[in-house]
């Protein structure tokens, strides 16, 4: 397995947090459009799955950051 530096985890966390926020905003927009009558079920499902995956990745990164700080 690749060894990553603390800064790599911090940069990944920042990037994924930004992406998560953008997808959450897009999901709100998609849901509004669906309420207005457009069929966007597939895009909404995909966005929800991406949000779930990003939250999992962020959780694991945070867990690794905590573990790394304990080892300092």
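Observations on the model:
- Extended-chain gain in nm, criterion 0.36 nm per residue less alpha-carbon gap, residue 59 and residue 14: 14.9 nm
- CD proxy at 222 nm, helix term only [per DSSP H run n ≥ 4: -39500 (n - 2.57); per residue of the chain; nearest 500]: -30000 deg cm²/dmol
- Additional length obtainable on full extension of the chain from residue 69 to residue 49, 0.36 nm per residue less Cα span: 4.2 nm
- Ranked list, fewest to most other Cβ atoms within 10 Å of each Cβ, for 15, 47: 15, 47
- Of 33, 55, 13, the one that fluctuates the most in a GNM where the chain has Cα springs shorter than 10 Å: 33
- Extension gain (nm, one decimal) between residue 31 and residue 4, 0.36 nm per residue minus Cα-Cα: 5.9 nm
- Pairs of Cα atoms nearer than 8 Å and 6+ residues apart set the relative contact order; for the chain it is 44 percent.
- Debye intensity ratio in log₁₀ form over the Cα atoms of the chain, taken at each q of 0.11, 0.22 Å⁻¹: -0.38, -0.91
Bear in mind that the values in this text are calculations on the coordinates, not laboratory data. Keep in mind it's a predicted model, so treat the numbers as computed, not measured. Heads up, the Cβs are rebuilt from the backbone with ideal geometry, glycines too, and the neighbour counts pull from every protein chain shown.
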